[in-house]
Structures are given as structure tokens and as C-alpha cells.
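> Sharing a structure below in C-alpha cells format, with a few things to ask.
The values are calculated or read from the model by the stated rules, or taken from the named source; none is laboratory data. Just so you know, these numbers come straight off a predicted model, no measurement behind them. We place every Cβ from the backbone using ideal geometry, glycine too, and count neighbours over all the protein chains shown. Each accessible area value is taken on the protein alone, full model and side chains, heavy atoms only, with ligands, DNA and RNA left out. Shrake-Rupley method; radii C 1.70, N 1.55, O 1.52, S 1.80 Å.
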Amino acid sequence: MWTIHQTVALFNLPFMDLLYQAQQIHRQHFDPNKMQISMLLSIKTGACPEDCQYCPQSARYQTHLESEKLLAAEQIIAAAKQAKHSGATRFCMGAAWRNPNNRDMPYLQYIVTEVKKLGLETCMTLGMLTAEQATQLAQAGLDYYNHNLDTSPEFYPHIITTRTYQDRLNTLEYVRQAGIKICSGGILGLGESEQDRAGLLVQLANLPKPPESVPINMLVKVLGTPLENNQDIDPFDFIKTIAVARIMMPTSYIRLSAGRSKMNEQTQALCFMAGANSIFYGCKLLTTKNADQDNDKQLLKKLGITPETYKTAQGDNEQSAQLIDQLCHADTDLFYNAAP
Ligand code: SF4
């Protein structure tokens, strides 16, 4: 079990020592030159009743975000086909709900089944789940469920009041019990302290089983949200958090998620060195801007990093270039950048 004390000690290491340790652990469990790439579709956008202060999808804030109703199954399946065609191996679907309504469950199950038939891994983020709903999704074959803890238990009430930390832990427990893999992480730049960052990582690493996927987001300040004027997080603090997460959760995929478009190439490269090995690729991350695709293409090429699971008869660099070209030229209007 990790303690706050041990975790803060990692944060206090000299930067280079921390990075070196994280990179060593990373290399024991992963190929350091491979990147997992997922695509995300927002299947229901905006008008969310929750009050998460960072989120443009909350109905409580004036963010000029256009709400969209739950997409038709055909639209979702068509988008999944396109993602598959573009070389993605995992298709993530997000809905801005407090929780799914029971009457929507058969529909959601149908979507999971159809997307899986295409040979894609499936991931959903739908808000809080009951144990029964988690079981229903598992029965449909859902591979991953995203539900973030966001920050430390202590800082959490400053950011969200409409659901408790315990509510979130309960959902994660139901998901785990149902046999679905967990994707859960947090957001930096909410105004939290380093101790809070340590607190978040302790919560994640000490779950009965750490999440298979840990998204670490950098706050995207959206005009109209209560956090629109927050102070930017120092990129070195962000990189350090990735490194500490890698050390504490050696076998989890650490995902560089929202906020990547604000990072320069060097910061992203140091994040990859610190152990981040998963990114979302697409035009928008749920509703906020993702890193420009051409920039991504250039950066991965410069670093000699290739997508993890895209298999062709061609060499790695060709594979990488081909996947990225396909993604760049896909009609990505339907794809949103992943905020979960
Ligand atoms: S983060 Fe999720 S639950 Fe919170 S307001 Fe946004 S869409 Fe709703």
C-alpha cells in the first residue's frame, strides 16, 4: 500500500533522478517506443446536471457548447467503422450524464455489441453506474469503463459537489466486480497542491487492483467555467506527476489526455520519457481541443515512436506514418477529444 509520505518523497526527488527511476520501471513493463492510440466519440454532448467546475459540458455554466442528444446507433457504428478503418484498436464512447437511465441500458448494450463485432475494444464513460448496470455492460462485452477520481479526496469538494468521492469509488468497485477493466485518473491544474496530486495517485494505486488505464489530464481552461482563470500548472510539475504515476502503477497505461494541445513538443516528449504511453488521437478531446494532428504526426516521427497495436506487413515507421495519415485524413468531425 502506498502512503502519502512515500508519494510526496517521490515528488521531492531531484527531477532527473525521478525521471530516471520512472523510465527504468517503464522499460521493465513496456516497449518505450510504442504508443497506444485510442479514438473517442462523444455520444451525448452537454447539458449535464453535474457541477464539475472544469467541465464545459455542465449545464450550469455558459460555455457556448452546443448540446447534442444521444447519437443514433447507426451514427455511432459508422464512426466506429471509420475508427477501425483508420487503424484505431480501441473505441471510446462518452456521454455527459450523471448516470445512465435504466431505459437506455438495452440501447447501450446493443452499441457495445455492435462495436465489438467490428473487432474493436470498447470503452464507455457514462457517469455513475449501479452494480446492475455495470453487470449489464459487462454482459454486452464492454472492455473498459472510464470514471475519473479527478483529484484527492480532500480537494475534491472544492471542485464537485453533486456527487461524492465515495460515489466515484463505488462505481469503480461495481465496474471491477463486473469484470470490466478500469480507466481512471485525474486532472492537474484545478488549484490543487502537490499533496493533493500525491493523494490522487495514492487513491488510484491503492485500489484493490490499480486501473489498467490512468488518464492524467492538464486542465483546459474553458471560458465560462469557474476555473477559466486558474493559474497554469508548471510543465515540470506535470511531468513529475506522470513519473510518479508510472512508478506507483508500473503496469498501467498512463494516458496523456486533455490539455496535450497546450504542451510543446519537448514537454510531451518528457512525459513519454516519464512513462506516458497512451494518447487520444482526434480533432477534439470530447469538447476541448486536442493536439494538432500534423504536430502529432511530426512529433511521433521525430521521436521514433510507433502505434502499439497496428499490425501490417510494413516496417514500423511506415506503419506509423500510414496510421497517422489515415487518422489525419479521416472525417474526424464526429470524433471528440477525450476529457474523461
Ligand atoms: S465531467 Fe462529466 S459529470 Fe462532470 S459536468 Fe462534465 S460531463 Fe457532467
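> Which order do Tyr174, Tyr61 take when ranked by solvent-accessible area (1.4 Å probe, heavy atoms of all protein chains), largest first?
Result, largest first: Tyr174, Tyr61.
> Something else: Roughly how many percent of the accessible protein surface of the chain is carbon and sulfur, given a 1.4 Å probe and a whole-percent answer?
Using a 1.4 Å probe with all protein chains present, the chain comes out at 51 percent carbon and sulfur.
> For the stretch 122-237, take every pair of Cα atoms, bin their distances at 10 Å starting from 0, and report each bin as a whole percent.
All Cα pairs considered, the percentages come to 14, 43, 31, 12, 1.
> Okay, next question. If R0 is 35 Å, what FRET efficiency do you get for Ala78 and Ser193 from their C-beta distance, rounded to 0.05?
Working: r = 45 Å, r/R0 = 1.28.
About 0.20, to the nearest 0.05.
> Can you give me the long-range amide H partners of Ala276? Hydrogens built in the peptide plane at 1.01 Å from N, cutoff under 5 Å, separation of 5 or more residues or another chain.
none
> Cα-Cα over 30 Å: which of Lys116/Lys209; Lys44/Lys240; Lys81/Lys221?
Over 30 Å Cα-Cα: Lys44/Lys240; Lys81/Lys221.
> If amide hydrogens are placed 1.01 Å from N in the peptide plane, which non-local residues have theirs closer than 5 Å to the one on Ala47?
Hits under the 5 Å cutoff: Ala59.
> Please work out the C-alpha center-to-center distance from the stretch 245-273 to the stretch 39-80 and express it in whole Å.
Rounded to whole Å, the Cα centres lie 25 Å apart.
> Need the full-extension length gain, Leu207 to Asp51, defined as separation in residues times 0.36 nm minus the C-alpha distance. One decimal, nm.
Length gained between Leu207 and Asp51: 53.6 nm.
> Now for a separate question. Would the stretch 1-159 count as rounded, prolate or oblate if I go by the C-alpha gyration tensor, calling it rounded below 1.5 in a/c and otherwise prolate when a/b exceeds b/c, oblate otherwise?
On the way: a/c = 2.01, a/b = 1.37, b/c = 1.46.
Since a/c reaches 1.5 but b/c is at least a/b, the shape of the stretch 1-159 is classed as oblate.
> With springs only between Cα atoms under 10 Å apart, run a GNM on the chain and tell me which of Thr162, Thr125, Thr113 wobbles the most.
Result: Thr162 has the largest fluctuation of those listed.
> Just subtract the alpha-carbon distance of Thr251 and Asn101 from 0.36 nm times their residue separation and send over the number in nm, one decimal.
Contour length minus the Cα-Cα distance gives 50.6 nm.
> Could you give the size of the charge dipole of the chain about its Cα centre, using +1 on the Cβ of each K and R and -1 on the Cβ of each D and E, expressed in debye and rounded to the nearest 20?
Dipole magnitude for the chain comes out near 520 debye.
> Could you give the accessible area per residue of the chain, probe 1.4 Å, as a whole number in Å²? Mind showing how you got there, number by number?
Numbers: 14030 Å² over 340 residues.
With all protein chains present, the chain gives 41 Å² per residue.
> Could you pull out every residue, at least 5 positions away or on a different chain, whose amide H is within less than 5 Å of the one on Tyr253? Hs are placed 1.01 Å off N in the peptide plane, and Pro or chain starts have none.
Those qualifying (amide H under 5 Å, at least 5 residues apart or on another chain) are Ser213, Val214.
> For a quick check, take a GNM of the chain with Cα springs below 10 Å and name the residue from Tyr145, Tyr165, Tyr107 with the largest mean-square fluctuation.
Looking only at Tyr145, Tyr165, Tyr107, the largest GNM fluctuation is found for Tyr107.
> Quick one: what are the phi-derived ³J(HN,Hα) couplings along the stretch 112-126, Karplus 6.51/-1.76/1.60 with θ = phi - 60°, whole Hz, x for glycine and proline?
3J(HN,Hα) across the stretch 112-126, in whole Hz: 4, 4, 5, 5, 5, 4, 6, x, 9, 6, 10, 9, 10, 9, 10.
> Please find the FRET efficiency linking Ala59 to Glu154, where r is the Cβ-Cβ separation and R0 is fixed at 22 Å, and quote it to the nearest 0.05.
In this case the efficiency is close to 0.20.
> Could I ask something else about it? Which percent of Cα pairs goes in each bin when the distances of the chain are cut into 10 angstrom slices starting at zero?
Calculated P(r), rounded to whole percents: 6, 27, 37, 25, 5, 0.
> Please report, to two decimal places, log10 I(q)/I(0) for the stretch 77-174 at q = 0.14, 0.21, 0.24 Å⁻¹ as given by the Debye formula with identical point scatterers on the Cα atoms and no solvent.
-0.56, -1.03, -1.21
> On to the next question. Taking a probe of 1.4 angstrom, what is the accessible area of Asp232 in Å², to the nearest 10?
Accessible area, nearest 10 Å²: 120 Å².
> According to the Cα gyration tensor, what semi-axes, each the square root of 5 times an eigenvalue, does the equivalent ellipsoid of the stretch 1-76 have, listed from largest to smallest in whole Å?
39, 21, 11
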